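The values are calculated or read from the model by the stated rules, or taken from the named source; none is laboratory data. Note that the structure is a prediction, hence the values are computed from the model and not measured. Quick reminder, even Gly has a Cβ in these numbers, built from the backbone with ideal geometry, and neighbours come from all protein chains shown. When the accessible area is computed, the model is the full protein with side chains, heavy atoms only, and any ligands, DNA or RNA have been set aside. Shrake-Rupley method; radii C 1.70, N 1.55, O 1.52, S 1.80 Å.
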Amino acid sequence: TRQGAQLVLGGQPYRFAGVNLEHAVGCGLAGAQPSDAQADTFFAHLGPQPKGVRIWVMPGISTAWQANYRRVVTAATRHGHKLIVTLFNGQPNCTARPVTDYATPGGVLPAWQADWIRAVVREHAGNPAVMAYECANEANEGHANIGAWYGAVVVLVRGLDPDVLVFTGGGHNSNNADVIAGFVRRSGVDAFSLHDYTAAISPRAGVFDRAA
């Protein structure tokens, strides 16, 4: 859960080390989706402190997405770790339907997006192993309607799983601290992400720190 700006687990402040396992459910190189034994070994080796493991569960990522997703949830549950589940992609890879239009007609999401969220969230609603959902991997946070789009995702997810957290997912085109803080406030997300793949921390890290 979240209390103000603090994440809380078991009544205590919670800061997690994150691990990216984006292809555990689908896409990626051959063999990227683990077997039952491989998933169990992976989560066992993360140690006793609950980690936040990020996985992609996006439209079209795999015809076997439900079974693959269930395998990961089972292993995470067994070893006491938490999952951060990314629902959409703002980039064209690993999905049949990347999000390119962040419109919210009538204040709600387009039907295909809403249907996908319902399908994914209902799979494990109420399961404490699913700590959070990310709205989209690297959404275009320079889009004029991004705050409303994030907000519509938050409303739908929380209607299906009231206690789960909702994160942004690491947007791009976000270089103004006031703009970032503004769309986060409007949307009601619990946390926002920075993806910075440079050799050294770029000025964007400072922008996100100021926005927080």
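Quick notes
- All positions within the stretch 39-89 that are touching a helix residue (DSSP H, G or I) at 6+ places or on another chain (Cβ under 6 Å), open to solvent by 30 Å² or more (accessible area, probe 1.4 Å) and of a type in the set (A, V, I, L, M, F, W, C): 44
- Where residue 127 falls short, out of the listed (1) under 19 Å from residue 164 (Cβ atoms); (2) in a helix (DSSP H, G or I): (2)
- Candidate set from the stretch 133-147 (those that are closer than 13 Å to residue 87 by Cα and without any contact (Cβ under 8 Å) to a residue 60 or more places away in the chain); member that is nearest to the chain's Cα centre (by Cα): 133
- Whichever residue in the stretch 20-38 is within 28 Å of residue 194 (Cβ to Cβ) and more than 17 Å from the chain's Cα centre (by Cα) and, among such residues, is surrounded by the fewest Cβ atoms within 10 Å (Cβ to Cβ): 29
- Within the stretch 140-149, considering residues that are open to solvent by less than 10 Å² (accessible area, probe 1.4 Å) and touching a strand residue (DSSP E or B) at 6+ places or on another chain (Cβ under 8 Å), the one modelled with the lowest pLDDT: 141
- Among the residues listed as 95, 100, the single one being in a loop (DSSP other than H, G, I, E, B), open to solvent by 50 Å² or more (accessible area, probe 1.4 Å) and closer than 20 Å to residue 193 by Cβ: 100
- Of the criteria (1) touching a Phe, Trp or Tyr at 6+ places or on another chain (Cβ under 8 Å); (2) among the hydrophobic types (A, V, I, L, M, F, W, C); (3) open to solvent by 40 Å² or more (accessible area, probe 1.4 Å), which one residue 108 fails: (1)
- The set of residues from the stretch 132-154 being under 22 Å from residue 54 (Cα atoms) and part of a loop (DSSP other than H, G, I, E, B) comprises 135, 136, 138, 139, 141.
- Residue within the stretch 171-185 that is on the phi < 0 side of the Ramachandran plot, buried (at least 19 other Cβ atoms within 10 Å of the Cβ) and either part of a loop (DSSP other than H, G, I, E, B) or at pLDDT 85 or above (or both) present: yes
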